[in-house]
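**Q** Attaching a single structure in structure tokens format; questions to follow.
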């Protein structure tokens, strides 16, 4: 198994002319867990919704998403429907609203089983019950008759996971799967995802705004900012020694359970997609910005094996996490994208 | 579910009782029927006899309870004008009105719902805009204006359809269109916005992510949810059809209950007016009951009592 | 020992809820006999999951809700009855910051006027003095006068939360209750607001209650921590001690569930079972159905919150009986 399972190349997404994703590349291998972190507006969710063609029609998507040798962005709609939920499944943030309130769990789970496994009647019930058992829902047979509002948020997310597993997918994309849940329930769901992955050798993309969640559950982590990947590295390396000033800033801004220290806030706000700054999108908030940073959007370059950084000064910076450095003022012409 | 329905039934009965009381009070307040029916120059003895005959000389509370008891027995009094039973008078007009309102309701459902769903699925496209513009006009034009315009075009200019009366099914066409069009427009607009709201909800994306074809997502996931608010509007439309019948029947000289109401009011025929009011209230309450029942069927959250009464 | 700024003495709060129109009303106890103190210049963190009663505690501390039993006192004086003139006067001494700043602001009014609102309500200062104070409040929270002229939707999430904080501070309150004030914000913005709250609190000697489900933020901002579960405090102490060396099995689970970068795949306590439901409170220790070390008596006997060290208490049979049991559960 040499080639990656899924490969995204040069993905761009724009809504009404405003770029949301500005050239993203990812490769995920079988059984691998890739974490994607970023703040709101970073394009972390949009990238994967675009890859599965789940965005509304007004979204303009360019690039290539290869699953084995098929380009998902070009296959016929029927083929795409077969692959969605079949080979690539996706679960979402708020399980209570991600399930249909007027349909039973049996109906919603059965739909996926009928579509991807060709089951019907009794065999749907049996398999649905097996899946609910697998995801740890007590009284699985009884729960089939329930509606989402009769179950807790954690249980609904388990149902979502069961639904995603119905088609035996090779890849599960989990978009903020625990954000809406309580801390102890969040731990249960993350644990369940790990268990499922061990048992099925399924690859996982875990999208989260929480660096802690991603660090503990993924092999590799990509950090996104303003529609681009700015750093990608093995999880341990990224948190021990971030190379991109934004990645470093995120870690510095995160409070820990250890002794409190002065948090280093990243000044300013995420840029407006319609008015992207010249050069590196992070430069207006960056403590290390230099004139070189205005000379074009920095490429995501491989600096060492398994590690990619998109920073014009990647080679020369020696970042010290938790360093307090004010942003540098540099002459900046106003640019409107 | 049973408790939910029992609650609604109790409320319906209460509503009817309130309407009956209201009708009693308003009709007593609107002047002495004796002087209106017999005229201001009638001799006092005649008026006294009339009042005694109709029980109008007894204490108001006694009258009220008698009236209430009579209604419970199914006795709605007799017409002060021609002495026939009010129920009989109203009853013989009901088929004519049903012959307009039922086809009008079907017309509203058959046009409004598909047009609204289709417009929502093709939001911003030509058809959607056409539906929206038509709907605004259809909703804004008063029914008597629409009726006159239709008569002018199809009866006077083209001579295709009769302009009034109830001699053949041809006579029903223009009244039905007049009666149904406004509601169809309202229903189209409402269905469209209900669909758009549902299509934006996260579970639609979940259904697509499962690999369901779009048509199945719309049919299996969007429509059942959009039906919940739409049912409310249909209930409201039934009520407005009854009100619309008064105008339409007058314009097209259609011998239904609507026209009877106009005549009875101008004649101060109390028993008939009361009977008609009761009929209107009962049909509105019934349509609301049906709506509530459909709610329970469509929305499991109500069925389990989690939000009942809220 | 100075008198506490705020004290809640054995307060309870029960909500009535019923299922359906004819359902029998059921009392749902949100807070079941809690005592707390907050001193001037001190931040008390209240942590807990949904249904723990932490937000109800916050509202009672502010006097927005009256406890069914027990006493709430601010600055040594009993909280006046809801809606009275005394109560309204007290509103300026205790203010609140909510989770959702957009929901807490009126979208049709420029934010500077909303910041001035508490001054108008309490009739404080002349119009020019009010303008001055609004300007100071904007500056204090890192906003410009230009921000003040904008409408809420023209500001970012972090800026909106600053507006809410500016409005809360304009009456110079002694007590600030923050209910999940940074939960809706991105990490980089969250740090800005957390730092702001820490600075303001230190500068003005505020007493602060910081309610959150996020232990990491609570650790950052609080001197003391109270952990709540189903309307009870299960553990209380300095933030340092409680979060470094949690004693109650629930606190231990919470601490181990807090995701931390750098500590990959720690051995963690994963609680089984559902989040607690206040409408179906278990007998005995409310935590026993999910507790990994529960014993027989936990099912029947409710443990009392008792002192287990200087300034430190916990409500668990295993800790209070044999002081080493809590450690052994780790």
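**Q** Quick check: is even one residue across region A:258-271 more than 25 Å from residue C:183 (Cβ to Cβ) and within 14 Å of chain C (Cβ to nearest Cβ)?
**A** no
**Q** Only residues that are surrounded by fewer than 16 Cβ atoms within 10 Å (Cβ to Cβ) and in contact (Cβ under 8 Å) with a residue 40 or more places away in the chain: list them for region C:118-159, please.
**A** Matches in region C:118-159: C:122, C:151, C:153.
**Q** Of all residues in region B:206-216, how many are surrounded by fewer than 21 Cβ atoms within 10 Å (Cβ to Cβ) and facing chain A (nearest Cβ under 10 Å)?
**A** Here the count works out to 3.
**Q** How about region A:106-126: which of its residues are surrounded by fewer than 18 Cβ atoms within 10 Å (Cβ to Cβ) and either more than 9 Å from chain B (Cβ to nearest Cβ) or within 27 Å of the chain's Cα centre (by Cα) (or both)?
**A** Scanning region A:106-126 gives A:114, A:117, A:118, A:120, A:121, A:122, A:123, A:125, A:126.
**Q** On to the next question. Report the residue count in region B:26-46 for those that are at pLDDT below 80 and either in a helix (DSSP H, G or I) or surrounded by 11 or more Cβ atoms within 10 Å (Cβ to Cβ) (or both).
**A** Going through region B:26-46 one residue at a time, the tally reaches 13.
**Q** Let me ask you something else. Taking region A:159-187, which residues are part of a helix (DSSP H, G or I) and touching a residue at least 40 places away in the same chain (Cβ under 8 Å)?
**A** Those that are part of a helix (DSSP H, G or I) and touching a residue at least 40 places away in the same chain (Cβ under 8 Å): A:159, A:160, A:161, A:162, A:163, A:164, A:165.
**Q** If we scan region B:145-152, do we find a residue that is buried (at least 17 other Cβ atoms within 10 Å of the Cβ), in contact with a helix residue (DSSP H, G or I) (Cβ under 6 Å, 6 or more places away or on another chain) and in a loop (DSSP other than H, G, I, E, B)?
**A** Scanning region B:145-152 turns up no residue that is buried (at least 17 other Cβ atoms within 10 Å of the Cβ), in contact with a helix residue (DSSP H, G or I) (Cβ under 6 Å, 6 or more places away or on another chain) and in a loop (DSSP other than H, G, I, E, B).
**Q** Criterion first (more than 15 Å from residue A:175 (Cβ to Cβ), at pLDDT 95 or above and assigned to a strand (DSSP E or B)) does residue A:12 satisfy it?
**A** When the stated conditions are applied, residue A:12 passes them.
**Q** For region C:155-170, give me the residue count where each residue is more than 14 Å from chain A (Cβ to nearest Cβ) and touching a strand residue (DSSP E or B) at 6+ places or on another chain (Cβ under 9 Å).
**A** Counting residues in region C:155-170 that are more than 14 Å from chain A (Cβ to nearest Cβ) and touching a strand residue (DSSP E or B) at 6+ places or on another chain (Cβ under 9 Å) gives 6.
**Q** Still on this structure, I have one more. Could you look through region C:283-294, keep only residues that are part of a loop (DSSP other than H, G, I, E, B) and touching a helix residue (DSSP H, G or I) at 6+ places or on another chain (Cβ under 7 Å), and pick out the one that is surrounded by the most Cβ atoms within 10 Å (Cβ to Cβ)?
**A** Applying the filter and picking the extreme gives C:285.
**Q** Scan A:299, A:231 and give me the residue that is modelled with pLDDT of 85 or more, within 19 Å of residue A:44 (Cα to Cα) and assigned to a loop (DSSP other than H, G, I, E, B).
**A** A:299
**Q** Out of all the residues in region C:55-62, is one or more in contact with a helix residue (DSSP H, G or I) (Cβ under 7 Å, 6 or more places away or on another chain), at pLDDT below 90 and closer than 22 Å to residue C:14 by Cα?
**A** So far as region C:55-62 goes, no, none of its residues is in contact with a helix residue (DSSP H, G or I) (Cβ under 7 Å, 6 or more places away or on another chain), at pLDDT below 90 and closer than 22 Å to residue C:14 by Cα.
**Q** Which residue out of C:94, C:30 is in contact with a helix residue (DSSP H, G or I) (Cβ under 7 Å, 6 or more places away or on another chain) and over 28 Å from residue C:118 (Cα atoms)?
**A** Residue meeting the stated conditions: C:30.
**Q** Would you be able to say whether some residue in region A:142-157 is within 18 Å of the chain's Cα centre (by Cα), in the same structural domain as residue A:45 (by TED's automatic domain parsing) and crowded, with 18+ Cβ neighbours inside 10 Å?
**A** Yes - at least one qualifying residue is present in region A:142-157.
**Q** Right, next: If I filter region A:239-251 down to residues being facing chain C (nearest Cβ under 8 Å) and in contact with a helix residue (DSSP H, G or I) (Cβ under 9 Å, 6 or more places away or on another chain), which single residue comes out as surrounded by the most Cβ atoms within 10 Å (Cβ to Cβ)?
**A** The qualifying residue surrounded by the most Cβ atoms within 10 Å (Cβ to Cβ) is A:250.
**Q** Considering only residues that are facing another protein chain (nearest Cβ under 10 Å) and either touching a strand residue (DSSP E or B) at 6+ places or on another chain (Cβ under 8 Å) or at pLDDT 95 or above (or both), which ones fall in region A:50-66?
**A** Answer for region A:50-66, where residues must be facing another protein chain (nearest Cβ under 10 Å) and either touching a strand residue (DSSP E or B) at 6+ places or on another chain (Cβ under 8 Å) or at pLDDT 95 or above (or both): A:52, A:53, A:54, A:55, A:58.
**Q** Any residue at all in region B:84-98 that is in a loop (DSSP other than H, G, I, E, B) and closer than 30 Å to residue B:170 by Cα?
**A** Yes, the conditions are met somewhere in region B:84-98.
**Q** Can you tell me which residues in region A:67-105 are more than 9 Å from chain B (Cβ to nearest Cβ), in a loop (DSSP other than H, G, I, E, B) and touching a strand residue (DSSP E or B) at 6+ places or on another chain (Cβ under 8 Å)?
**A** Residues satisfying the conditions are A:72, A:73, A:87.
**Q** Something else: What single numbered condition from (1) in contact (Cβ under 8 Å) with a residue 60 or more places away in the chain; (2) under 29 Å from residue C:160 (Cα atoms); (3) within 20 Å of the chain's Cα centre (by Cα) fails to hold for residue A:310?
**A** (2)
**Q** Go through (1) modelled with pLDDT of 90 or more; (2) surrounded by 15 or more Cβ atoms within 10 Å (Cβ to Cβ) and name the single condition residue C:109 misses.
**A** Result: residue C:109 fails condition (2) only.
**Q** Among the numbered conditions (1) at pLDDT 90 or above; (2) closer than 22 Å to residue C:302 by Cβ; (3) not in a loop (DSSP other than H, G, I, E, B), tell me where residue C:72 comes up short.
**A** (2)
**Q** Just give me the residues in region C:311-324 being in a loop (DSSP other than H, G, I, E, B) and under 23 Å from the mean Cα position of the chain (by Cα), in sequence order.
**A** C:311, C:315, C:316
**Q** Before we move on, is residue A:266 part of a loop (DSSP other than H, G, I, E, B) and in contact (Cβ under 8 Å) with a residue 12 or more places away in the chain?
**A** Against the criterion (part of a loop (DSSP other than H, G, I, E, B) and in contact (Cβ under 8 Å) with a residue 12 or more places away in the chain), residue A:266 qualifies.
The values are calculated or read from the model by the stated rules, or taken from the named source; none is laboratory data. Values in this document were obtained by computation on a predicted structure and should not be read as measured data. As a convention, Cβ positions derive from the backbone with ideal geometry for all residues, glycine included, and neighbour counts pool all protein chains shown.
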